[in-house]
Amino acid sequence: MIANLRRSVPAYLFLLPWFIGLVGLTIGPMLLSLYYSFTDYALLNTPEWTGLQNYTNLFQDPRYLQSLEVTFVYVAVSVPLEMAFALAVAVLLNRGLKGLAVYRALYYVPSLLGGSVAIALLWQQIFGTDGLLNDVLGIFGIEGRGWISEPGTALWTLIVLRVWQFGAPMVIFLAGLRQIPDEVLEAAEVDGAGRWQRFWRVTLPLLSPVVFFNLVLQIIGAFQAFTPAFVISGGKGGPSDSTLFYTLYLYQQAFGNFRMGYAAAMAWVLLLIIAVFTGLNFVLGRTWVFYGDEGVRR
Amino acid sequence: MKRVLAHAGLTAGALIMLYPLLWMISASLRPNTEIFQRPGLIPEHPTLGNYALGWSSTGTSFGIYLMNSLIICTAVVIGNVLTCSLTAYAFARLTFVGRKTLFGLMLATIMLPAHVTLIAQYSIFRNLNWIDTFWPMIVPSFLATDAFFVFLMVQFIRSIPVELDDAARIDGCGAWGIYRRIILPLLTPALVTTAIFSFIWTWNNFFGQLIYLSTRTRLTVPVALRGFLDATGSSEWGALFAMSVVTLVPVVVVFVIFQRRILAGMAHSGLK
């Protein structure tokens, strides 16, 4: 054992910066956040133990429940749409068309820029009452509306913004499609499978691990969306809290009201929600993810 | 015929998707009175006035914000390339007690939402008197906290033949020598990918910079841009778009230069 440890010393030296970060910036703060979540803590005072108070308050807080609902709707609508677009365009691009690289790059550009403040501001203009969208609709004689200023549509402008960024999962789908051997598809064709059947029976099952990977990542990412909602609603999550994302409410509580304990409780519940969804994905994944002839790996 | 249709559809799709971006560039070149009148792309009276106006209208030159962003991005790139490669080398090549557990921990942190460490990190940095400095953005990158890059490099190192390590060992190289002379040079593609993504993500990162920076001369591009309308009044859309375009240019330039590498890096992340 001692000898093993001694042999491990060089590796530990290489790992030192990472280990300091793991303890000092990840595990330590996680546990500290957990402790704060059981306290009343306003940054300037010493945290005061309040037991489960923050957690019980959360589920009686109408704005918190609203933020949960907004976030769930956002994830449930935007992720499937984004994935569907990504897959459809990837399949279209994969047919040996000329100029594939150009299209791929063009479709990827929104993913590259979409998370920035600049694009969120642009969105604010496009969907504003005097915005680009209403100008375009006006050409067709359609009466526009204040897409961002009305609670019924504001969240949808954010969903559109996310779906607009389907290029990133599309690039991953394209790489996955390229790994499907032509022979398999040709064999299916010889057996009389039509284009549609080949897609559903051959391409999609072989691509399912990639679909799974994208789904897990996109869901985790969507739960944490912040910048567009913050910028477009001016930090408020309005109108009428219709864009009050989970992380935006967390930000308001922590850095607007300095209710650090409350915000820490929110963060831990978010971690649990994401863990449950990821776990659920893995369990459900067993029923539809196909790992080829080596059987189910995980 | 089918091909023509596919091309037409794909081009139309790309145009619709990129239209907002093109429109923003065009709007940044128009006088304010013209912006809200037409959805077309060609400015009737093109002017660079918005750029001149936007550059200085927050009271601090936009050049300062760009410089601040650049400083943070450069530091983060250096930190990630350096410490993530050290970490990845140990996980991919060295044997040590607790390797499996630590590797699992490292992978788990990829999925961890940043919010769960946020509050405590903020209070720690506050006790260090780091609020309103660049340190909260820079220091984590020198501690290999972005496990995604570590994982990317581990995957890459595993594809480098172990025989090269053995040969170097016979020639008298220790672990450091192998890392320095064999692994690091061969790892260059993954290092470049890491550098590019570190740059773009840090450049666009709003949340961290929003909570830590407050003095106007220390603001970075995203935070300054977000306060733009508050500082200038909501009539300055032209100037706002001009500065928005300025903030997107570095990312677009990096993309154009390293397009292949970026797309390959994206694709690689999805396939083991």
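Over the range B:1-124, what lengths in whole Å, largest first, do the semi-axes of the equivalent ellipsoid take, defined as the square roots of 5 times the eigenvalues of the alpha-carbon gyration tensor?
46, 28, 14
Cα gyration tensor of chain A, axes a ≥ b ≥ c as square roots of the eigenvalues: rounded (a/c below 1.5), prolate (a/b > b/c) or oblate?
Oblate.
So how strong a dipole does the protein assembly as shown carry about its Cα centre when Lys and Arg Cβ are +1 and Asp and Glu Cβ are -1, to the nearest 20 debye?
Charge dipole of the protein assembly as shown: 1200 debye, to the nearest 20.
Provide the gained length on full extension for the span B:HIS45 to B:ARG181, in nm with one decimal, where the gain is 0.36 nm per separating residue minus the Cα-Cα distance.
Working it through step by step, the gained length comes to 43.1 nm.
Answer with one residue from B:MET266, B:THR83, B:CYS173: the one whose Cα lies farthest towards the positive end of the charge dipole of chain B, charges on Cβ with Lys, Arg +1 and Asp, Glu -1.
It is B:CYS173, whose Cα lies furthest towards the positive end.
Express in nm, to one decimal, how much length is gained between B:ILE170 and B:ALA264 on full extension, taking 0.36 nm for each residue of separation and deducting their alpha carbon distance.
30.3 nm
Quick check: the angle from helix B:188-204's long axis to the longest principal axis of chain B, C-alpha only, nearest 10 degrees?
Result, in degrees: 40.
For chain B, what is the charge dipole size about the Cα centre, in debye to the nearest 20, if Lys and Arg each add +1 at the Cβ and Asp and Glu each add -1 at the Cβ?
580 debye
What's the buried accessible area, both sides, between A and B using a 1.4 Å probe, rounded to 100 Å²?
So the buried area, both faces added, is about 7600 Å².
If I stretch the segment between A:SER240 and A:LEU137 completely, what's the gain in nm (0.36 nm per residue apart, minus their alpha carbon distance), one decimal?
Stretched fully, the A:SER240-A:LEU137 segment lengthens by 34.5 nm.
With a 1.4 Å probe and every protein chain left in place, work out the accessible area per residue of the range B:86-140 in Å², rounded to a whole number.
So the range B:86-140 comes to 41 Å² accessible per residue, rounded to a whole number.
Hey, if you put +1 on the Cβ of every Lys and Arg and -1 on every Asp and Glu Cβ in chain A, which of A:VAL184, A:LEU122, A:GLY144 ends up farthest toward the positive end of that dipole?
A:VAL184
I'd like the mean, over residues of B:212-222, of how many other protein chain beta carbons sit within 10 Å of each residue's own Cβ.
Rounded to a whole number, the mean comes out at 1.
How large is the Rg to Rh ratio of chain B when both quantities use alpha carbon positions and Rh follows Kirkwood?
Radius of gyration relative to Kirkwood radius: 1.06.
Give me the one-decimal nm value for the distance between modelled label points at A:LYS98 and B:ALA8, 7 Å along each residue's Cα-to-Cβ direction.
Label-label distance for A:LYS98 and B:ALA8, simple model: 1.8 nm.
Return the distance in nm (one decimal) between the two label points of a simple spin-label model at B:ARG158 and A:VAL23, each offset 7 Å from Cα along Cα→Cβ.
Rounded to a tenth, the inter-label distance reads 2.8 nm.
Hey, could you pull the Cα Rg and Dmax for the range A:1-44, both in Å?
Values for the range A:1-44 (Cα only, Rg and Dmax): 16.4, 49 Å.
What net charge do the residues around A:TYR108 carry, taking every other residue with its C-beta under 14 Å from that of A:TYR108, with Lys and Arg at +1 and Asp and Glu at -1?
My count for the surroundings of A:TYR108 gives +2.
If a helix is a whole DSSP H run, which ones in chain A reach 24 Å or further along their own axis (Cα) and hold a mean Kyte-Doolittle hydropathy of at least 0.0?
Passing helices, by number: A:2-21, A:62-93, A:204-223, A:260-288.
Can you tell me the accessible area per residue over the range A:225-298, all protein chains present, probe 1.4 angstrom, in square angstrom?
42 Å²
Under a Cβ-only charge scheme (Lys and Arg +1, Asp and Glu -1), can you give me the dipole magnitude of chain A about the Cα centre, in debye to the nearest 20?
Here chain A has a charge dipole of around 700 debye.
Per residue Cα convex hull volume for the range A:166-298, in cubic angstrom?
140 Å³
At q = 0.13, 0.19, 0.22, 0.23 Å⁻¹, what log₁₀ I(q)/I(0) does the range A:191-267 have when each alpha carbon counts as one equal point scatterer in the Debye sum?
So the normalised log intensities are -0.58, -0.81, -0.96, -1.00.
Take chain A, connect every pair of alpha-carbon atoms lying under 10 Å apart with a spring to form a Gaussian network, then pick out the residue of A:GLU69, A:GLU189, A:GLU48 with the largest mean-square fluctuation.
Of A:GLU69, A:GLU189, A:GLU48, the most mobile in the Gaussian network model is A:GLU189.
Share of the protein assembly as shown's accessible area from carbon and sulfur, percent, 1.4 Å?
66 percent
Using DSSP to call loops (not H, G, I, E or B), can you name the chymotrypsin sites (Phe, Trp or Tyr not before Pro) in the range A:140-189 whose Cβ has at most 11 other Cβ atoms within 10 angstrom?
Those that pass, being in a loop and sparsely packed, are A:PHE140.
For chain B, build the charge dipole from Cβ charges (+1 Lys, Arg; -1 Asp, Glu) around the Cα centre, then report which of B:ILE200, B:LEU15, B:LEU187 sits farthest towards its positive end.
B:LEU187
Suppose each label sits 7 Å from its Cα in the direction of the beta carbon; what would the B:ILE25-B:ILE78 distance come out to in nanometres?
In this crude label model, B:ILE25 to B:ILE78 measures out at 3.3 nm.
In the range A:200-293, which chymotrypsin sites (Phe, Trp or Tyr not before Pro) are in a loop and have at most 16 other Cβ atoms within 10 Å, using DSSP for the loop call?
Those satisfying the criteria are A:PHE258, A:PHE290, A:TYR291.
In a shell of Cβ-Cβ distance under 15 Å around A:ALA76, excluding A:ALA76 itself, what net charge do Lys and Arg (+1) and Asp and Glu (-1) give?
My count for the surroundings of A:ALA76 gives -1.
I'd like the FRET efficiency for A:ALA76 and A:GLU48, computed as 1/(1 + (r/R0)^6) with the beta carbon distance as r and R0 of 41 Å, rounded to 0.05.
Working from the Cβ atoms, E equals 0.60.
By the gyration tensor of its Cα atoms, with a ≥ b ≥ c the square roots of the eigenvalues, what is the shape of the range B:64-132: rounded for a/c under 1.5, prolate for a/b over b/c, or oblate?
Oblate, because a/c is 1.5 or more while a/b does not exceed b/c.
Mind checking the angle between helix B:99-111 and chain B's longest principal axis? C-alpha axes, 0 to 90 degrees, to the nearest 10.
The angle comes out near 10 degrees.
Report Rg (one decimal) and Dmax (nearest whole number) for the protein assembly as shown, counting Cα atoms only, units Å.
Values for the protein assembly as shown (Cα only, Rg and Dmax): 25.0, 81 Å.
What angle do you read, to the nearest 10 degrees and between 0 and 90, between the alpha-carbon axis of helix B:237-270 and the longest principal axis of chain B?
With rounding to tens, the tilt is 30 degrees.
Cα centroid distance between the range B:86-165 and the range A:61-85, in Å?
30 Å
The values are calculated or read from the model by the stated rules, or taken from the named source; none is laboratory data. Computed from a predicted model, the values in this text were never measured in an experiment. All Cβ positions, even for glycine, are placed from backbone atoms using ideal geometry, and neighbour counts span all protein chains on display. Note: accessible area is taken over every heavy atom of the protein model, side chains too, but ligands, DNA and RNA are not part of it. Shrake-Rupley method; radii C 1.70, N 1.55, O 1.52, S 1.80 Å.
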